[in-house]
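In what follows, a single structure is set out as structure tokens and then discussed.
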Amino acid sequence: MGLFSKNDEKTLLAAANKKYNQRDFSGAAADFTKIIEANNKSLAAYYGRALSRYALKDVQSAEDDLEFILKNDAGYSDRVYFYLGIILTGKGEIEKGCSYLKAYLKKNESDAEAFVCLAKAYSSLNSNDEAIKYLDRALEIDPANPEYFFQRGLIKIQLNENKTAILDFNSAIEINPQHAVSYNARGTAKRALGDFEGALIDFNRAVDLEPGFKNALHNIASVKYDLKDFKEAIRYLDQALNIDDMYPDAYLLRANSKFYFDDPDGAIDDFSKVIEIQ
């Protein structure tokens, strides 16, 4: 056992887990590492360190720890499969990541979050019908979660099913009237249907709820551009760029707006900025 007895290890694991629960992820990772240095068979320490590293966005190291656990004890915890699924799909290793998530769901079929993770993974492959199937399942489990309606609505927009997407965003907003991203997304669907007035109401509501919501400001500008109100489009894009001066879509739309607003020099400057950023 080296430096620590079993009781010492339990005490140190408890202290490390306490730091993790207090969101001191760096301290927790350091403590779990000390345990592993003393006992490199401590799967509990590897698991705790994996979660700490994941929270610190050290994704590759978290993956390495989780793979070590599976290699030594494939039945250690179902959550190992869950986290590996999230990490791998996030890295773009969709097939392998989905296989871990599906293995997890075989024993945890009531975990809505895992179905949502599968949906996001399949959506990234443009397998949107499959993605909606998993979101439907998540909503069967947790029908009061606005985020799940929001995610399903986003996929329906990709499928050009804007009317049914609006119904999902309506549900999200009904559950949580402060859900700014759902107002923004509903505005996007309304704009696609030509309801510019309704879109502006939703985009403005999103900005009211989150004053720094640069995408909603860009969307307001997009509607103003559609309506050929280039002066107002420029005004809202100025606001978006005050929030993020490395926002290429805003520079591009502002360049086009300036061109039609008879400001060719300003348009050229903004086009140049887009090229510089990209």
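The values are calculated or read from the model by the stated rules, or taken from the named source; none is laboratory data. Just so it is clear, the model here is predicted, and its values are computed rather than measured. No Cβ is skipped: glycine too gets one built from the backbone with ideal geometry, and neighbour counts run over all protein chains shown.
Within segment 205-227, residues that are free of Cβ contacts under 8 Å to residues at least 40 places away in the same chain reach partners that are buried (at least 17 other Cβ atoms within 10 Å of the Cβ) and among the β-branched types (Val, Ile, Thr) with beta carbons closer than 6 Å, at six or more positions or on different chains, in the pairs 213/207; 216/207. Within segment 251-278, residues that are over 18 Å from residue 214 (Cα atoms) reach partners that are surrounded by fewer than 16 Cβ atoms within 10 Å (Cβ to Cβ) with beta carbons closer than 6 Å, at six or more positions or on different chains, in the pairs 278/248.
So which helices (runs of 4 or more DSSP H) are wholly in segment 22-135 and hold at least 1 residues that are closer than 23 Å to residue 151 by Cβ? Please lay out each step first, then the result.
Working: elements: 25-38, 43-55, 59-72, 78-90, 94-107, 112-124.
Answer list for segment 22-135: 43-55, 59-72, 78-90, 94-107, 112-124.
So for segment 108-116 (the condition being among the polar types (S, T, N, Q), farther than 30 Å from residue 187 by Cβ and in contact with a Leu (Cβ under 9 Å, 6 or more places away or on another chain)), does at least one residue qualify? Within segment 108-116, not a single residue is among the polar types (S, T, N, Q), farther than 30 Å from residue 187 by Cβ and in contact with a Leu (Cβ under 9 Å, 6 or more places away or on another chain). Residue count for segment 1-30 satisfying the condition of being crowded, with 18+ Cβ neighbours inside 10 Å, within 29 Å of the chain's Cα centre (by Cα) and either more than 21 Å from residue 68 (Cα to Cα) or of a type in the set (D, E, K, R) (or both): 1.
Filter segment 119-175 down to residues that are of a type in the set (Gly, Ala, Ser) and surrounded by fewer than 22 Cβ atoms within 10 Å (Cβ to Cβ) and give me whichever is nearest to residue 209 (Cα to Cα).
Per the criteria, the residue is 171.
The selection criterion, being at pLDDT 95 or above and under 23 Å from the mean Cα position of the chain (by Cα), does not hold for residue 70. Is segment 144-155 home to any residue that is farther than 30 Å from residue 224 by Cα, in a loop (DSSP other than H, G, I, E, B) and either at pLDDT 95 or above or in contact with a Ser or Thr (Cβ under 6 Å, 6 or more places away or on another chain) (or both)? Checking segment 144-155: at least one residue is farther than 30 Å from residue 224 by Cα, in a loop (DSSP other than H, G, I, E, B) and either at pLDDT 95 or above or in contact with a Ser or Thr (Cβ under 6 Å, 6 or more places away or on another chain) (or both).
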